[in-house]
Amino acid sequence: EPEVTQTPSHQVTQMGQEVILRCVPISNHLYFYWYRQILGQKVEFLVSFYNNEISEKSEIFDDQFSVERPDGSNFTLKIRSTKLEDSAMYFCASSGLAGGTLLKETQYFGPGTRLLVL
Amino acid sequence: GQSLEQPSEVTAVEGAIVQINCTYQTSGFYGLSWYQQHDGGAPTFLSYNALDGLEETGRFSSFLSRSDSYGYLLLQELQMKDSASYFCGAGSARQLTFGSGTQLTVLP
């Protein structure tokens, strides 16, 4: 069964450093998302991406964040200058078309990247 | 914006039925989704209601009442493996906002 993959599974970085989190969404999906989950808290929406541009973003997704789909398969989240409070699990998700109806709510999540900022 | 409320935790015994409620306040509401998450792993899609009424998928059912801004997830014949966090999610046109999650503990 197709699945969303993410790399790396764990990332440790120093405060102020740039990190790039990578995702390979399910191949025929059209919508891509990033979420984060701080330990013990809820999953929070960061950004959605459709047709090679940002579709929606939350207040969390400030200027230090950016997303890119550099080729036909990868979807990346870049954090330019990491802060301690960026430590979290970052999930990528994708959704697509089913029977002609766009089901954005049926999102398939990757296993996540655990980011630790020291 | 969106905000969703659900109980923080629920406990039930194996074989029982449990209902997890979710109330929401949203703009541009599309429908209500339910996701399961084991121990910080990837959330897994369970169910989605775009219309009022009950949707059944095996042991899981989900209900939506748009007029009451309310929905629930019903889990029947509980198994130990159902112990997990359950999140309701409200979709607008371009994003999905989750509730804080309900930790379900299934006891033997």
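Scanning the stretch A:33-59 for residues that are surrounded by fewer than 21 Cβ atoms within 10 Å (Cβ to Cβ), at pLDDT 90 or above, more than 30 Å from B:PRO7 (Cα to Cα) and in contact with a strand residue (DSSP E or B) (Cβ under 9 Å, 6 or more places away or on another chain) yields a single hit, A:ILE54. Only residues that are more than 14 Å from chain B (Cβ to nearest Cβ) and modelled with pLDDT of 90 or more were counted across the stretch A:60-81, and they come to 15. Scanning the stretch A:1-27 for residues that are touching a Ser or Thr at 6+ places or on another chain (Cβ under 7 Å), within 22 Å of B:TRP34 (Cα to Cα) and either surrounded by 14 or more Cβ atoms within 10 Å (Cβ to Cβ) or hydroxyl-bearing (Ser, Thr, Tyr) (or both) turns up A:VAL4, A:PRO25, A:ILE26. Residues in the stretch A:1-27 that are of a type in the set (Asp, Glu) and within 11 Å of another protein chain (Cβ to nearest Cβ): A:GLU3 only. Taking every residue in the stretch A:64-75 that is of a type in the set (Phe, Trp, Tyr) and pairing it with any residue that is part of a loop (DSSP other than H, G, I, E, B), at least 6 positions away or on another chain, the pairs with Cβ-Cβ distances below 9 Å are A:PHE65/A:ARG80; A:PHE75/A:PRO25; A:PHE75/A:ARG69. Note on the stretch B:1-85: enclosed strands (runs of 3 or more DSSP E) holding 2 or more residues that are touching a residue at least 60 places away in the same chain (Cβ under 8 Å) and within 13 Å of chain A (Cβ to nearest Cβ) are B:2-5, B:18-26, B:31-37. Within the stretch B:86-106, restricting attention to residues that are over 23 Å from B:GLU14 (Cα atoms) and among the polar types (S, T, N, Q), the residue that is farthest from the other protein chains (Cβ to nearest Cβ) is B:SER92. Report yes if A:LEU30 is within 14 Å of chain B (Cβ to nearest Cβ), loosely packed, with under 14 Cβ neighbours inside 10 Å and within 28 Å of B:SER3 (Cα to Cα), otherwise no. No: the conditions fail for A:LEU30. The residues in the stretch A:1-21 that are out of contact with any strand residue (DSSP E or B) (no Cβ under 8 Å at 6 or more places or on another chain) and in a strand (DSSP E or B) can be counted, and the count is 0.
The values are calculated or read from the model by the stated rules, or taken from the named source; none is laboratory data. Given the structure is predicted, the values throughout are model-derived calculations rather than measurements. Virtual Cβ from ideal backbone geometry, glycine too; neighbours counted across all protein chains shown.
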